[in-house]
1. Taking each residue in A:171-178, count the Cβ atoms of any other chain within 10 Å of its Cβ, then average. What number comes out?
2. So how tilted is helix B:413-435 from the main axis of chain B? Cα-based, degrees 0 to 90, rounded to 10.
3. Per-residue mean of other chain beta-carbon atoms within 10 angstrom of the beta-carbon, peptide B:397-408?
4. Rounding to the nearest 10 and keeping the result within 0 to 90°, find how far the Cα-based axis of helix B:369-381 lies from the longest principal axis of chain B.
5. Could you work out the mean count of beta carbons from other protein chains within 10 Å of each residue's beta carbon in B:250-262?
6. Can you pull the one-decimal nm distance between simple spin-label points at residue A:86 and residue B:36, each 7 Å off the Cα toward Cβ?
7. Hey, in the GNM for chain B with a 10 angstrom Cα cutoff, which one of B:41, B:379, B:261 fluctuates hardest?
8. Using a Förster distance of 25 Å, how high is the FRET efficiency between residue B:433 and residue B:87, based on the Cβ-Cβ distance and rounded to 0.05?
């Protein structure tokens, strides 16, 4: 890098030194300052929109904030965290449901997404139409999808039970049932998000070299063997990346559950995930301190998962 | 790098001074000084999406002419409305002037937070407003800690909606809860998709309608500040309601609130339904109802303690404490809850809270005669609350509603009620502490 001793230029904010004296601002200094000046708006925005809410939430989680966040709160230390972590009636069941929902939905989406991506890997007639149809669920908002499925699955007036009746299956309660609610929500999530997994995995598949698969074919490997021993290992990084993206998104699912099950995730809290629980603590109970503690724990939970998956991705890539 | 002071011209600022000045300017810009509303600022009303709001919106030009200011009315659902208030008023927002609040759900918490203005001087000091004309129960519900903080605009009682054609053989609408259960069990054909009774079954959402069953069995949510949901009367009410829906109700009822239960009756798939009298028009509208010609209306059936329904102010008007247009906001309240406006709206089928209007038979002419009589009887017998009278109503409803769900699922109600009773007592101790504000 050149360090010019010429007078400050390139928009350098320094002032001119008297003739013969060392310049007040070198080019490098000016460049360095300019860099920060240009970055400042973006950094300020990030600081304001991400760091401030995070710090505010952490601060709130250490208080007994109730009713209004700005009403003279007292510091409780880690009491809210202790309350949350010892709550076996709402918190831990919500953790369990969050994990179950995420693992179940994302696993199914990955398997189905991979299957669809393999089917669409080679061009076929009408492929564009099929791809467009597959994208439709992705375009709708989760609340609209929730209402749509509520109408379809309504135990009394919905079309689902009507159709099941044709094949001799007795009427089901679906979202109205304590036992069936979470599996039903997982299936709705699978219906909506499998196309996204398909798109991500298809993008990965199209970048794979064809030679290894051709070599395996010449060596006599059948389609399944080629898929398991050639394609899957090469696609591993893409799959892990897709898992991180979809997994984090599934962990945060809120709108679909709230639209179909209402506050608390249903009458027996049967679909109450951590997000729904934190929302209820905030807007139904106005317990801002405890709600913030739950959200901080939830954030740590997500960060831990992302770190683990990222390490695996990096290891697999190397 | 700073120039030596000796080389700085007079009046030139050092970098540090400049920095301090800039920081001070930013702080000064951010600091909120005394604020006043712009003369062109509209009066902003954030209200519930309800027939009352839709009706009042058609008369807004009258008020706009009177106060010389545009009125901006925005409607949200109840949940969205509460969330909006929580977010905006936590930030002391001035962009709401008039609010619709649920006196039995949000008002106590809002008053504790200092979010709604004290209206005592305005309602009591204005002879033309006739504050004492409001029915006693709704008026008392508008007062928190001796201060009037809202004015009631919509009142609500339960009504028994029934199919006249189906209940004709039973001598018409049931007069008692026992008769209602017998008829429901007699008429249900669950395997064919027809139900003897439909009602709310959600843990939280069902509590308000269940309250009339509780009172009619002789119970209440609290007794002398202690939980009342473990008493034999409350357990009997839980068991009754649970059996009614478990044996005669539709599948998936524990996921049903008003929005899910009402269509089942409107589609002709249930013989009886107890819910708010304010929703009657949904059954008379032939575009969404198949029972417009056969629906009947009856007072709440009597239990062991008689017919004791709730009679509550479901929606009231309040003024945002942070509003910059409080005088105009009060003009809105005064106009929207005036005897003339309440009479006008009640004549359109929206029950208000003024006794003088209820005494005027002409205002009830728009209601079906049977419903008007039902409302009159229920109002006379009614109790002024339909949920626990506590600060954290949402949490209280979740606790109180747990045995309800157990009953509907056919589980052991008594054991769950005992557990919920203990939890509710603990809750009441904490809640009472919060009420000392």
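Just so you know, all these numbers are worked out from the coordinates, no wet-lab data involved. Bear in mind that the values here come from a model prediction, so they are computed numbers and not experimental data. FYI the Cβ positions are ideal-geometry reconstructions off the backbone, even for glycines, and counts take in every protein chain you see.
1. Details: counts 5, 2, 6, 3, 3, 9, 5, 4.
Per residue, the average neighbour count from other chains is 5.
2. Between helix and principal axis, roughly 30 degrees.
3. Numbers: counts 3, 8, 0, 0, 2, 3, 0, 1, 4, 2, 0, 1.
Mean shielding by partner chains, rounded to a whole number: 2.
4. Taking the Cα atoms of chain B, the angle to B:369-381 is about 70 degrees.
5. Working: counts 6, 10, 14, 5, 9, 17, 5, 1, 0, 2, 8, 0, 0.
The mean count of partner-chain Cβ atoms within 10 Å per residue comes to 6.
6. 5.6
7. Result for chain B, Cα springs under 10 Å: B:41 fluctuates most.
8. Values: r = 26 Å, r/R0 = 1.03.
For residue B:433 and residue B:87, the calculated efficiency is 0.45.
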